[in-house]
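Right, one structure below, let's go through it.
The values are calculated or read from the model by the stated rules, or taken from the named source; none is laboratory data. Here the structure is a predicted model, which is why all the values come from computation and not from measurement. So basically every Cβ, Gly included, is an ideal-geometry build from the backbone, and we count neighbours across all protein chains shown.
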Amino acid sequence: MRRRENEKTAVLFERPVRRLLRAALDVVLPPRCVDCRSAVDRQGGLCPECWKKLSFIEGTVCTVCGYPVETDPGRDMLCGACAQRRPSYARARSALRYDDASRDLILAFKHGDRTELATTFGTWMSRCGTDLLSRCDVVVPVPLHWRRLFRRRYNQTALLARSVASARHDVSVLPDALRRLNNDPSQAGRNAAARRDNVRSAFGVSPRATRDLRNSRALVVDDVFTTGATVEACARTLLAAGAAEVSVLTLGRVVRSDSDPI
Ligand SMILES: [Zn+2]
Ligand SMILES: [Zn+2]
């Protein structure tokens, strides 16, 4: 109870302090577009040109997996893949189409040490995942294997998870709840079935997290949803560990046209 009150007081003070800090930052570091670095009116924003290039996922999507659908056939629309085989997670949503424009930005974040992008990305993700975020208790990033973590020095997904969760003051981020059990070779170049096989037993739950996960509504955060095999494996692992429900929020989503091979 006391903790809640302290949190409320912290929130009351936070806004003016943030505004002040932002104003001070604007003087020292004039805001630049997060993509092309041209001048913009606020920190963490995009210039109109870069904004136009990005394709945010809006309009009708599959109720379950969030895949964009062309027509509007009603409220409970399921995409073909979900109609055929329901995923273990309740719902998934993504902020952006993963295309040429967003790829460069996401890769700069993943491999180019541009960790400051997490704030902007987290804002986009929490906007598209408002419903998911409002009904979750814990936020769980998809983990990197420790060898990759060692090479890359940071887990970009944990940064996204923190940024997404900062929109709510009563959810916990559990950065170590999921563990990679094998040093999975990259998913790149594998088709959907191969990706599923590759990640089927890739994750485990940290014993320290089991209490927080039991009966929780968990929100799994990842950078890009490609075939969904990774988040499906994470959802199964969390449900097996006692989570009541799992949803998924990713920054990018691969959206293939019907003619593309999966
Ligand atoms: Zn720009
Ligand atoms: Zn679907």
Could you figure out which of (1) in contact with an Asp or Glu (Cβ under 6 Å, 6 or more places away or on another chain); (2) surrounded by fewer than 18 Cβ atoms within 10 Å (Cβ to Cβ) isn't true of ASP76? (1)
How many residues, within segment 127-144, are buried (at least 20 other Cβ atoms within 10 Å of the Cβ) and assigned to a helix (DSSP H, G or I)? 3
If I ask for residues that are hydrophobic (A, V, I, L, M, F, W, C) and over 14 Å from THR123 (Cβ atoms), which ones from segment 41-60 would you list? CYS47, CYS50, ILE57
Please determine, by comparing only the residues of segment 37-61 that are within 16 Å of ligand 2 (Cβ to nearest atom) and in a loop (DSSP other than H, G, I, E, B), which one is nearest to the chain's Cα centre (by Cα). ILE57
Could you grab me the full set of residues in segment 154-191 that are of a type in the set (A, V, I, L, M), assigned to a loop (DSSP other than H, G, I, E, B) and modelled with pLDDT of 80 or more? ALA167, VAL171, LEU174, ALA177, LEU181
crowded, with 16+ Cβ neighbours inside 10 Å, within 17 Å of VAL255 (Cα to Cα) and touching a helix residue (DSSP H, G or I) at 6+ places or on another chain (Cβ under 7 Å): which single residue out of CYS62, CYS82 fits that description? CYS62
Residues within segment 195-216 that are modelled with pLDDT of 70 or more and either part of a helix (DSSP H, G or I) or not hydroxyl-bearing (Ser, Thr, Tyr) (or both), tallied: 13
In segment 62-91, which residues are of a type in the set (A, V, I, L, M, F, W, C), within 10 Å of ligand 2 (Cβ to nearest atom) and out of contact with any Phe, Trp or Tyr (no Cβ under 6 Å at 6 or more places or on another chain)? CYS62, VAL64, CYS65, VAL69, MET77, LEU78, ALA81, CYS82, ALA83
Only unsatisfied item for MET77, checking (1) modelled with pLDDT under 90; (2) within 16 Å of ligand 1 (Cβ to nearest atom); (3) hydrophobic (A, V, I, L, M, F, W, C), is (2)
Scan segment 40-50 and tell me whether some residue there is surrounded by fewer than 16 Cβ atoms within 10 Å (Cβ to Cβ), at pLDDT 90 or above and not hydroxyl-bearing (Ser, Thr, Tyr). yes
